[in-house]
Amino acid sequence: MEEPRGALDGVTVLDLSRVLAGPYCSMILSDMGATVIKVEVPGTGDDTRGFPPFKDGKSGYFMNMNRNKKGITLNLKKGKDVFLELVRKADILIENYRPGTMEKLGIGYEELKKINPKLVYGCISGFGHYGPYSKRPGYDIVGQAMSGIMSVTGWPDGEATRAGAPVSDTVAGISLAAGVLAALHYAQKTGRGQKVDIALVDSLVSVMQIINQIYLIGGRIPGRTGNAYESTAPYDTFPTKDGQHVVIGVANDKFWRQICEMMGRTELIHHPDMAKNGDRVRNRDKIKPIVTEWTMTKTAKELVDQLLETGLPTAPIYDVKQVTEDPHIAGAREMFIEIEDPDVGAVKVTNSHIKMTETKPGFKSPAPALGQHNREIYGGMLGFTEEQLNKMKEDGVI
């Protein structure tokens with residue numbers, strides 16, 4: 001039986017990125033079948049090889065982010081000619097160096113497109129490749145800070161709060177994946193590649209969409225509202241009698257009518273302070289105690305079951321253990337899979353969130369050892385002899 005192919009079968013990606021944002025992008029592409037060649041510094045490799053958590057001394061961070069990739073080592077200063085040969089074979093290049101780094105090495109986009117006009121050059125940085133802040137260093141927390149998202153995260157009387165997950169890195173990674181695939185489609189039609197420039201800050205400014213509009217349209221600077229939402233109410237977390245919390249999202253007047261009926265408070269349906277969504281947003285502080293009084297009469301399970309019966313958006317608040325054991329998320333949707341790593345044996349990783357009916361993304365091979373595929377790529381793809389490879393290793397090129 002023929003091996004199932006991914007949607008990106010035949011696409012070659014040269015991945016110079018490290019840590020999170022770039023590798024997350026290339027992981028998405030590799031999960032969908034692209035041949036991703038991960039280029040690492042000889043001797044040390046990607047920083048995340050040293051990031052916890054570890055299993056038998058091997059980084060779970062690295063194993064998860066770099067599955068399905070081929071791994072080679074290359075010193076870009078000593079092996080520029082070798083790198084250019086790889087570029088000739090690539091459809092997409094991904095890097096997340098600080099802007100200007102590739103140009104200093106003589107391998108920026110303007111130089112690379114001369115030898116491969118169809119090359120799609122994807123880059124992620126803190127602030128993008130142009131503008132007054134372009135040379136500033138950028139990490140996830142910087143993206144969260146300057147996008148405004150931290151200013152609206154947390155409680156009104158508390159400090160600005162970072163989201164618990166690295167959202168600017170991952171949103172930027174997803175954005176770059178979308179951008180390079182669109183550019184690849186264009187290149188295949190026209191023969192012309194292009195540079196796709198993604199900034200961590202821009203990515204989260206885009207996520208802020210509706211929050212931005214509050215200021216752009218109304219002139220009010222949004223603040224922190226805890227778990228409430230600026231645009232609808234009640235849309236928040238609520239306590240239950242067993243000490244847990246659930247989320248309830250009353251996003252329209254129909255849902256408001258339904259929850260009033262369930263609470264036995266039908267007089268609130270047409271109350272002038274609560275009848276329409278805009279009224280409820282202005283009076284959310286009056287509404288939350290009313291709903292809380294009712295939710296506190298039930299356990300979290302009772303409350304969620306009752307609300308779901310009527311079609312109201314609700315959910316328990318899971319910890320990570322509960323997520324990994326949920327029959328829908330972990331079971332039917334296969335968001336966690338067990339892979340076999342040659343060094344540590346069976347290990348669980350987070351699976352692809354992209355579900356496709358014909359070309360299912362997913363696990364094909366474990367994250368590579370440092371330089372594991374040097375001979376396969378340099379010998380098989382570029383035609384270097386064993387003698388040449390040994391000399392390159394001696395000279396510190398690979």
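The values are calculated or read from the model by the stated rules, or taken from the named source; none is laboratory data. On a predicted model such as this, the values are computed, not experimentally measured, just so you know. Glycine gets a Cβ as well: all are built from the backbone with ideal geometry, and neighbour counts include every protein chain shown. Keep in mind that these areas ignore ligands, DNA and RNA; they rest on the heavy atoms of the full protein, side chains included. Shrake-Rupley method; radii C 1.70, N 1.55, O 1.52, S 1.80 Å.
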Practice task
Would you please list the contacts, defined by Cβ atoms under 8 Å and residues six or more apart or on different chains, that run from a residue in the stretch 26-41 that is touching a residue at least 40 places away in the same chain (Cβ under 8 Å) and closer than 9 Å to PRO361 by Cβ to a residue that is surrounded by fewer than 24 Cβ atoms within 10 Å (Cβ to Cβ) and of a type in the set (Asp, Glu)?
Solution key: GLY33/ASP9
Practice task
Go through (1) without any contact (Cβ under 8 Å) to a residue 60 or more places away in the chain; (2) among the acidic types (Asp, Glu); (3) open to solvent by 50 Å² or more (accessible area, probe 1.4 Å) one by one and return the number of the condition ASP326 breaks.
Solution key: (3)
Handout entry: Identity of the residue in the stretch 183-201, within 25 Å of the chain's Cα centre (by Cα) and of a type in the set (Val, Ile, Thr), that ends up farthest from GLY122 (Cα to Cα)
Key = VAL201
Exercise for the section: List the number of the failed condition for SER352; all other conditions in (1) surrounded by 14 or more Cβ atoms within 10 Å (Cβ to Cβ); (2) over 30 Å from VAL82 (Cα atoms); (3) of a type outside the set (A, V, I, L, M, F, W, C); (4) free of Cβ contacts under 8 Å to residues at least 24 places away in the same chain hold. Expected result: (4)
Completion exercise
Note on the stretch 41-56: residues acidic (Asp, Glu), open to solvent by 20 Å² or more (accessible area, probe 1.4 Å) and in a loop (DSSP other than H, G, I, E, B) are ASP56
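Which ones in the stretch 233-251 are open to solvent by less than 60 Å² (accessible area, probe 1.4 Å) and either part of a helix (DSSP H, G or I) or out of contact with any His (no Cβ under 6 Å at 6 or more places or on another chain) (or both)?
Passing the criteria: ALA233, PRO234, ASP236, PHE238, THR240, VAL246, VAL247, ILE248, GLY249, VAL250, ALA251.
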Practice task
Filter the stretch 108-150 down to the residues that are touching a residue at least 40 places away in the same chain (Cβ under 8 Å) and on the phi > 0 side of the Ramachandran plot, then identify the one that is surrounded by the fewest Cβ atoms within 10 Å (Cβ to Cβ).
Solution key: GLY128
Practice task
Considering every residue within the stretch 154-162, establish whether at least one is crowded, with 17+ Cβ neighbours inside 10 Å, more than 11 Å from VAL201 (Cβ to Cβ), out of contact with any Ser or Thr (no Cβ under 8 Å at 6 or more places or on another chain) and at pLDDT 95 or above.
Solution key: no
Exercise for the section: Spot the failing condition for ALA187; the list is (1) touching a Phe, Trp or Tyr at 6+ places or on another chain (Cβ under 8 Å); (2) of a type outside the set (S, T, N, Q); (3) modelled with pLDDT of 95 or more, and only one is missed. Expected result: (1)
Completion exercise
Among the residues of the stretch 57-85, the number that are under 20 Å from TYR121 (Cα atoms), assigned to a helix (DSSP H, G or I) and open to solvent by less than 10 Å² (accessible area, probe 1.4 Å) is 1
Handout entry: Qualifying residue in the stretch 309-322 (condition: over 28 Å from ALA177 (Cα atoms), touching a residue at least 40 places away in the same chain (Cβ under 8 Å) and of a type in the set (Gly, Ala, Ser))
Key = yes
Exercise for the section: Restricting attention to helices (runs of 4 or more DSSP H) lying wholly within the stretch 142-220, give those where 3 or more residues are of a type in the set (Gly, Ala, Ser) and touching a Cys at 6+ places or on another chain (Cβ under 9 Å). Expected result: 167-190
